[in-house]
Every structure is written in structure tokens, then in C-alpha cells.
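So the structure is just underneath, and the comments pick up after that.
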Amino acid sequence: MIRVALVNKFYYPRGGDCVAVMATEQLLKARGHEVAVFSMHHPDNLSSPWERYFPAEVSFSGTSVSGRIRAAERIFCARDVATHFTRLLNDFNPDVVHLHNIHSYLSPVVAQVARRRGLRVVWTMHDYKLICPAYTCLRAGRPCEACFSRKSGVFRHACMKGSRAASLLAWMEALYWNRKKLERLTDRFISPSSFLKEKMVSAGFRAEQIEVLPNFMHRPTPPPAGKGAYYCYTGRLSAEKGVATLLDAARRLPFPLKVIGGGPLLDSLRKQFPQTHIEFTGQLPAEQLLPAVQQAQFLVMPSVWYENNPFSVIEALCLGTPVLGANIGGIPELIEDGVNGMLFEPGDPEDLTDHILNMQHAAFARQTIARQAQQRFSAGNHFEHLLEIYQNKLSESDL
């Protein structure tokens, strides 16, 4: 039995990182291991027996000056986080500390506290924060790698929320919690995609310290269902997801499209694309989402940013639904062109239009797609690899 402390800044299904944390918690517990959770207090958090250890909520978007100062202090000092985390470590005594998204709201001080106690520290990367202070490697709607070599780019281009002040804070954070410091504090980094690992290495991280471990299908698949007359998109409706490119292509075609998900662009996209064959469903619960994806002719992943290892693609494939994906980031690692989907040029509505037509007329072996994906992204395979990472610490000579 291994005792694992999972650390993530939120503990509710806010995004892929949170979903991964909760799925990992369930996976470990189901196989007889003990798990503690450490997060920040938040009104949307799920109930947890460990919440008494959580530090207070901070916000970078509030109107209170003192509140913003308190949030900024947490990036660097985070004394309250260190105190609360130390209490959890004292009471739980884990073998492994498994970090996920921790910057800003908790900060890498948790890795520092764990390292000083001689604990194994494993850190899963869900975005590009360690090499891009603004998280996304995206500037003006296009991929950007300027900060791989000089972190000042985030301030020079005001990449963080378009704000000089926020970008200055992100730059200072990157300098304080720099690559060399984080490498010393971490035994193994986990990258869900080979693409992210390659980018981390190109930004100076050591390849031998990074393990590739894809996400896994964490929800049971519904029984086989008939194929519907629509194709679909699932995910957040935000600029980097490329939904506008999809909708630009979709309005030129007569085929029904279901756009499943919420986000900052939902209302504006509904007004901009009023065509009757385009349906915006909003957010759907899992019991409605999975059948909707399974019954779709295919799913489209139109992102214009470096997607890492998107759950929506993995879920679609495990359901036997082929995927039309943008040829960017970690998406091509999941799609074998012509076998379980197709790839198109990101941000190009004309190329996407052509590929939607091709997908409409293509024949895919949906049962084979489901069987192969369920094996590739099974919880069992993920657990075995994760256990190996937990149990193999870098030697002192490697650090």
C-alpha cells in the first residue's frame, strides 16, 4: 500500500486538471491505496475529509486591494500554504506527494515543504506553465515559444490577461520559481503527451526527468447506441479552442452540429451563428454528454493552441466515435489519420470544411476504435505506469 498526497489548487470539476486529480484519487483508492487531498478553499469544492487542512481562498480578480495583495503574496511567500500543508503531512505521513496545477493559488512551496521532509515528489503537467508564464504558449491567437528562452516575453507582450500588471507578476513568478529550482524539488515530472515533453526539453528541462503518461478513460462507457445524424464539439467555449473556426466552417454546410459546453464565448457565439442546424446545448452532465458523443457521427477538436492530451478526444475514441482534430500540440498523438479520424490545418476554415465533408463520407470501424482506445487509455494501464513512477525515485547523482 502507498500513501499519496494529491495536490491541486481547486477540488471541483473546473477543468481537465481537476478531473484528472479526482479520477486519480478514485483510481488509487479503488486499488487499496490511501489518499489525502490538499487544495485551496473554494465555494465550489467537493466535500473532503481533508478540507480542514486547506488554506483560505484568494482571488486575483477581486476588487479589494488587500485581497489582491494577499493573492500576490501567495505566489512567492505562501507561508499559510506551507503551514497548512505541513500539518497535513504531519498527520497523513505520505510516501509520495503528487502535484498537479499548483501555481499562484498554492504555489510550488508545497514541493519545497515535501522535499525538505525527504518525500518523493511527482508533478503532472496539465498545461505549459513551467515554460510559458501565461500557461498557453499562445499570443495573438497563434502559438508562441518566446518565453522558452527568456521569460520577459510575457511582460513585453502583456500575455497574461492582456494586463501589464498581471504579466509583470507572472514574469516575477517565473523568475522566482525557475526551472533549476523546480527540477531540484521534483523527482519526476509527468507529461500526458510526448509533445509537451518535447517542448519542456526544448525549454531546458532534462528529458530523463520527464515521464510520458497519457490521461485515462475514467468514466464507464455507455452501451453501444445507434449513430445520429449530427457531428459535435465538446469542451470549453473560449478563443484558444478554435470554436469560431469550426462554426465558420459549419455554417457553410447543411449538416447538423451540436456544440456542447459552456464558457466565455457561449452567448456571443449563439448570436453570431444563429443557423438552425447549429445547436448550442450548453454544459451537459456526464449521463447526457457521453451518449451524445457516442451517437455523433464524429467529434471535432478545432483547437488553435498546443492542446496537451485532451480528455474529450480520449472519451470520444473510447466510445467508438472518430475524431477530426487540428494538427497541433498533442492531438496528432491520439489520431491515426484515416483509421480513427482525420487531421486538418488548425485555424483554417476552408481546410476544416473539406475535412468535414470527407468525414461525412468516410467509413470508420467504430467498434474497433472503441476497443483499441479502451485498451490504450485503460485505468489499469495508467495505474501500473503511475505506480512505477511513484516507486522509482531519481538517484542523488541524477539530481
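Yes/no matrix, rows are residues, columns are (1) open to solvent by 60 Å² or more (accessible area, probe 1.4 Å); (2) at positive phi; (3) touching a strand residue (DSSP E or B) at 6+ places or on another chain (Cβ under 8 Å); (4) free of Cβ contacts under 8 Å to residues at least 60 places away in the same chain:
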position: LEU237; (1), (2), (3), (4): no, no, yes, yes
position: LYS258; (1), (2), (3), (4): no, no, yes, yes
position: ARG270; (1), (2), (3), (4): yes, no, yes, yes
position: PRO274; (1), (2), (3), (4): yes, no, no, yes
position: GLU279; (1), (2), (3), (4): yes, no, yes, yes
position: ALA292; (1), (2), (3), (4): no, no, yes, no
position: PRO302; (1), (2), (3), (4): no, no, yes, no
position: SER312; (1), (2), (3), (4): no, no, yes, no
Within the bounds of segment 373-385, is there any residue that is of a type in the set (Asp, Glu), open to solvent by 20 Å² or more (accessible area, probe 1.4 Å) and over 21 Å from PHE311 (Cβ atoms)?
no
If a residue has to be of a type outside the set (Ser, Thr, Tyr), within 12 Å of LEU324 (Cβ to Cβ) and open to solvent by less than 30 Å² (accessible area, probe 1.4 Å) to count, how many in segment 344-364 make the cut?
4
Considering segment 1-16 alone, what residues qualify as being touching a Pro at 6+ places or on another chain (Cβ under 9 Å), open to solvent by less than 30 Å² (accessible area, probe 1.4 Å) and not in a loop (DSSP other than H, G, I, E, B)?
VAL4, ALA5
Take VAL97 and tell me if it is modelled with pLDDT of 95 or more, touching a Leu at 6+ places or on another chain (Cβ under 6 Å) and surrounded by 18 or more Cβ atoms within 10 Å (Cβ to Cβ).
yes
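Answer yes or no as to whether PRO222 is in contact with a Pro (Cβ under 9 Å, 6 or more places away or on another chain), part of a loop (DSSP other than H, G, I, E, B) and not small (Gly, Ala, Ser).
Details: in contact with a Pro (Cβ under 9 Å, 6 or more places away or on another chain): yes; part of a loop (DSSP other than H, G, I, E, B): yes; not small (Gly, Ala, Ser): yes.
Yes, satisfied.
Results for (1) under 16 Å from ALA36 (Cβ atoms); (2) surrounded by fewer than 18 Cβ atoms within 10 Å (Cβ to Cβ), shown as yes or no for each residue.
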position: ASN90; (1), (2): yes, yes
position: VAL113; (1), (2): yes, no
position: HIS126; (1), (2): no, no
position: PRO133; (1), (2): no, no
position: GLY141; (1), (2): no, yes
position: CYS147; (1), (2): no, no
position: GLY162; (1), (2): no, yes
position: TRP171; (1), (2): no, no
I'm told GLU198 meets every condition in (1) charged (D, E, K, R); (2) assigned to a strand (DSSP E or B); (3) open to solvent by 60 Å² or more (accessible area, probe 1.4 Å) except one. Can you identify the failing condition by its number?
(2)
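The values are calculated or read from the model by the stated rules, or taken from the named source; none is laboratory data. Just so it is clear, the structure is predicted and the values come from calculations on it, not from any experiment. Positions of Cβ are generated from backbone atoms using ideal geometry, with glycine treated the same way; all protein chains shown enter the neighbour counts. Quick note on the areas: whole protein, heavy atoms, side chains included, nothing else; ligands and nucleic acids left out. Shrake-Rupley method; radii C 1.70, N 1.55, O 1.52, S 1.80 Å.
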